[in-house]
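Input: a single structure, listed below in structure tokens.
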Amino acid sequence: MGYSQVIADALIGSSAGFGGGFGGGFGGGTGEIESYVQKCPRGKIVLMGYSQVIADALIGSSAGFGGGFGGGFGGGSSSGGLAEQYKKNIIAVIQMGDPSQVPGLSFDVGTSTKNGVFPRSNSASYTSDGYAGII
């Protein structure tokens, strides 16, 4: 048993800037998942993360910054989520402090009734990609 830690410096006012650390977090997270599954094809993965990096790794970023930096702040492109062959190994997801939060999703816990500061436009992908039941 073990764990991997992926650090994404995506704080407003940080040396990397809000979007500066995103690529490292997204790429590092998906890379760790892919590497683990290749080494342990029947292994089980629990993802825990703060901010939008977990969501972007799973379902991809929305166009612009509706949950990621696909095209940078206000950009128009999006990034894809985790490739299909790696999804079966993820058994649970804990995500907190997500600035791309959209209220009313089946897995929402807490009292928030408002969108995050950068609401995600692709939140339906949680359900269509099969993640809603494990978040």
Tell me which residues, restricted to region 33-55, are under 14 Å from residue 81 (Cα atoms) and at pLDDT 80 or above. 33, 34, 54, 55
Selection from region 120-135 of residues under 17 Å from residue 91 (Cα atoms), of a type outside the set (Phe, Trp, Tyr) and in a loop (DSSP other than H, G, I, E, B) yields 129, 130, 132, 133, 134, 135
Restricting attention to region 78-112, report how many residues are within 20 Å of residue 45 (Cα to Cα), in contact with a strand residue (DSSP E or B) (Cβ under 6 Å, 6 or more places away or on another chain) and small (Gly, Ala, Ser). 1
Name the residues in region 90-102 that are in contact with a Lys or Arg (Cβ under 6 Å, 6 or more places away or on another chain) and either polar (S, T, N, Q) or surrounded by 19 or more Cβ atoms within 10 Å (Cβ to Cβ) (or both), would you? 100, 102
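I'd like to know if region 61-71 contains one or more residues that are assigned to a loop (DSSP other than H, G, I, E, B), surrounded by 13 or more Cβ atoms within 10 Å (Cβ to Cβ), of a type outside the set (Ser, Thr, Tyr) and modelled with pLDDT of 80 or more.
Within region 61-71, not a single residue is assigned to a loop (DSSP other than H, G, I, E, B), surrounded by 13 or more Cβ atoms within 10 Å (Cβ to Cβ), of a type outside the set (Ser, Thr, Tyr) and modelled with pLDDT of 80 or more.
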Please enumerate the residues belonging to region 78-135 that are in contact with a helix residue (DSSP H, G or I) (Cβ under 6 Å, 6 or more places away or on another chain) and among the hydrophobic types (A, V, I, L, M, F, W, C). 82, 132
Meets criteria (within 17 Å of residue 128 (Cα to Cα) and at pLDDT 85 or above) for residue 90: yes
May I ask you to list pairs of residues, at least six apart or on different chains, whose Cβ atoms are under 7 Å apart, with the first in region 114-125 being more than 13 Å from residue 99 (Cβ to Cβ) and the second being outside any loop (DSSP other than H, G, I, E, B) and among the aliphatic types (A, V, I, L, M)? 122/59; 125/59
Could you grab me the full set of residues in region 82-110 that are within 17 Å of residue 51 (Cα to Cα), of a type in the set (Val, Ile, Thr) and either touching a Cys at 6+ places or on another chain (Cβ under 7 Å) or in a strand (DSSP E or B) (or both)? 93, 94
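The values are calculated or read from the model by the stated rules, or taken from the named source; none is laboratory data. As the structure is a computational prediction, the values presented were derived from the model and not from experiment. Neighbour counts are summed over all protein chains in view; Cβ atoms, including those assigned to glycine, are modelled from backbone coordinates with ideal geometry.
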